[in-house]
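**Q** Below you will find the structure I want to go over with you.
Quick note: the coordinates plus some simple rules give every number you see, no bench work behind them. Here the structure is a predicted model, which means the values were calculated and not measured. Positions of Cβ are backbone-derived with ideal geometry, glycine not excepted, and every protein chain shown enters the neighbour counts.
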Amino acid sequence: MTLHDTSLRIIRAGQAESGAYVASPAFSQYGYCWLRDGTWTAYAMDIAGDRASAERFYRWVGRTLVGQQPRLERLLDMLARGETPLDEDYLPTRFTLDGELGVDDWWDFQLDGYGTWLWGLGAHLDLTGNGALWDELRPAIALTVRYLATLWNTPNYDCWEEAGDRVHLSTLAAIYGGLRAIETRASDLVPAGLTARIQALALEQGVTPTGHLRKHFVTETVDASLLWAAVPFGLVDVHDPIFARTLERIEADLHRPGGGVYRYKADTYFGGGEWILLTAWLGWVKVKLGRLDEARALWDWIAAQAGPDGALPEQVNDHLLAAASYYTEWVERWGPVACPLLWSHAMVLILESALEKGS
Ligand code: BGC
């Protein structure tokens with residue numbers, strides 16, 4: 001079976017009746033659906049031609065978020081009264097496959113997934129022109145926009161669910177990309193000037209003196225999730241010198257020559273291995289830059305990481321950034337690295353399609 005077919009099989013098997021995609025069917029902590037992972041998976045299904053699968057996901061998001069309306073109203077009231085919300089007062093970052101809250105504590109205040117799902121919905125609507133879906137999802141879209149418009153520049157956990165006391169550039173990019181996707185369809189839904197303000201703050205505070213994007217506002221380091229600032233969120237153009245310098249830095253610091261891509265230099269999660277999804281992301285960016293041979297080499301590395309059943313893990317741990325004891329510690333805590341990870345398979349489908357189109 002090709003990696004394409006295996007990826008479709010794994011994603012389809014991981015989609016619940018409800019429409020939610022499980023992050024990983026075989027990892028103790030990942031039996032939930034994240035807006036982040038789920039949206040990239042839906043986007044992959046869209047471009048692989050299974051639009052019905054993507055539509056089921058977006059309808060699940062719509063129902064699930066409308067169920068969160070009372071929580072949002074409570075939160076906005078608290079903020080209006082000048083109170084400081086607790087983590088559980090924010091909208092969740094992940095849900096059970098039935099759209100309920102998880103039973104265990106989680107660092108929930110993560111905004112990138114809320115921007116990402118709006119962006120993914122925009123891409124789905126571009127492909128399908130499904131006006132009825134837009135009408136159906138309008139309440140969930142409006143609720144998400146209110147949430148993001150209120151909190152976009154408040155520190156929150158990043159796409160790796162870490163450093164909740166920082167403003168992260170890849171989170172701002174996801175919010176920007178999501179709100180742009182909505183305002184180009186219905187300008188009345190997004191406060192006037194908001195996306196321009198997000199972009200302006202990102203470029204004012206998110207660029208180092210040497211001219212590249214930084215992981216968050218108080219560091220000089222990069223994070224590979226900055227790749228999505230250009231592709232696909234368009235916070236900066238893929239040909240912009242700021243992005244060119246960011247890419248250079250990511251390649252120098254986080255791309256193991258001939259191998260995969262790390263999240264960030266100080267990563268210790270499962271020892272800090274190479275992430276399949278980020279390796280595919282780098283390939284996607286290279287396709288957009290016309291560097292097709294380099295993109296193919298990344299694809300080949302990814303394909304070589306698949307297990308005998310074709311499954312791809314979250315990360316590959318042959319060349320760790322941190323001491324091996326970190327790897328062991330996480331395995332003892334949560335079991336072996338998540339495999340298969342639907343988001344890894346989704347990014348493979350996205351890179352494959354980009355390589356086929358050559359753009
Ligand atoms: C990652 C998140 C991801 C979640 C589920 C976490 O370890 O840092 O990016 O959404 O797993 O895959």
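**Q** Is segment 1-125 best put as rounded, prolate or oblate by its Cα gyration tensor, with a ≥ b ≥ c the root eigenvalues, rounded for a/c under 1.5, and otherwise prolate when a/b is larger than b/c, oblate when not?
**A** Prolate.
**Q** Where the convex hull is taken over the Cα atoms of segment 58-116, what is its projected area averaged over directions, in nm²?
**A** 4.3
**Q** Could you work out the mean projected area of the convex hull around the alpha carbons of segment 16-274, in square nanometres to one decimal?
**A** Reported value for the Cα convex hull: 14.3 nm².
**Q** Given H placed 1.01 Å from N in the peptide plane, which residues other than close sequence neighbours of H319 have an amide H under 5 Å from its amide H?
**A** E274
**Q** Counting each DSSP H run of 4 or more residues in the chain as -39500 (n - 2.57), what helix-only mean residue ellipticity at 222 nm follows after dividing by all residues, to the nearest 500 deg cm²/dmol?
**A** The helix-only estimate for the chain comes to -16500 deg cm²/dmol at 222 nm.
**Q** Mind jotting down the three principal axis lengths of segment 136-278 based on Cα atoms? Whole angstrom, largest first.
**A** 47, 32, 27
**Q** How large is the charge dipole for the chain, taken about the Cα centre, if only the Cβ atoms of Lys, Arg (+1) and Asp, Glu (-1) carry charge, to the nearest 20 debye?
**A** It works out to roughly 700 debye.
**Q** Going 7 Å from the Cα of D105 along its beta-carbon direction, which residues of segment 57-88 have the amide nitrogen within less than 19 Å of the resulting point?
**A** 84-88
**Q** Let me ask something additional. If one computes the Cα centroid of segment 283-303 and of segment 120-140, what distance in Å separates the two points?
**A** 30
**Q** Same structure again: Evaluate the distance, in nm, between pseudo-label points positioned 7 Å from the Cα of R51 and of D126 along their respective Cα→Cβ axes.
**A** That separation, rounded to one decimal, is 1.5 nm.
**Q** Which whole-Hz ³J(HN,Hα) couplings does segment 104-120 yield from phi under the Karplus relation 6.51 cos²θ - 1.76 cosθ + 1.60, θ = phi - 60°, glycine and proline marked x?
**A** Going residue by residue, I get 9, 5, 8, 7, 7, 7, 9, 8, 4, x, 5, x, 4, 5, 5, 4, x Hz, with x marking Gly and Pro.
**Q** Let me ask something additional. 7 Å from Cα along Cα→Cβ at both D240 and E162: what's the point-to-point distance in nm?
**A** About 2.5 nm, to one decimal.
**Q** Report the gain in length on full extension from T219 to R256: 0.36 nm times residue separation, minus Cα-Cα distance, nm rounded to one decimal.
**A** Using 0.36 nm per residue and subtracting the Cα-Cα distance, I get 11.1 nm.
**Q** Run down the aspartates and glutamates and flag those whose C-alpha is under 19 Å from the C-alpha of K286, throwing out any fewer than 8 positions away in its chain.
**A** D223, D237, D240, E248, E251, D253, E274, E294, D300, E352, E356
**Q** Round to a whole angstrom and tell me the spacing of the C-alpha centers of segment 336-359 and segment 175-204.
**A** With segment 336-359 and segment 175-204 each reduced to a Cα centre, they are spaced 28 Å.
**Q** Just to confirm my numbers, what's the Cα centroid distance between segment 218-243 and segment 6-27 in Å?
**A** Result: 29 Å between the Cα centres.
**Q** Per residue Cα convex hull volume for segment 259-305, in cubic angstrom?
**A** Taking only Cα atoms, segment 259-305 has a hull volume of 66 Å³ per residue.
**Q** Between Q69 and T208, with labels modelled 7 Å along Cα→Cβ, what's the label distance in nm to one decimal, could you check?
**A** Computed distance between label sites Q69 and T208 equals 4.6 nm.
**Q** OK, next. Please compute, for the alpha-carbon atoms of segment 240-344, the extent along each of the three principal axes and give them in descending order in Å.
**A** 43, 31, 20
**Q** With Kirkwood's inverse mean 1/r over C-alpha pairs for Rh, give me the Rg to Rh ratio of segment 73-158, two decimals please.
**A** Result for segment 73-158 is an Rg/Rh of 1.00.
**Q** Excluding residues fewer than 8 places away in the same chain, name every one of the lysines whose C-alpha is closer than 24 Å to that of K288.
**A** Output for K288: K215, K357.
**Q** Another one. What are the ³J(HN,Hα) couplings of segment 184-195, residue after residue, when phi is run through the Karplus curve with 6.51, -1.76, 1.60 and θ = phi - 60°? Round to Hz, x for glycine and proline.
**A** Listing the rounded values in order: 6, 8, 8, 5, 5, 7, 10, x, 4, x, 5, 5 Hz.
**Q** I need the calculated FRET efficiency for the pair E136 and A323, taking r as the beta carbon distance and R₀ as 45 Å, to the nearest 0.05.
**A** E between E136 and A323, to the nearest 0.05, is 0.35.
**Q** If you take every residue apart from E88 with its C-beta less than 12 Å away from the C-beta of E88, what net charge results, scoring Lys and Arg +1 and Asp and Glu -1?
**A** Residues near E88 contribute -3 overall.
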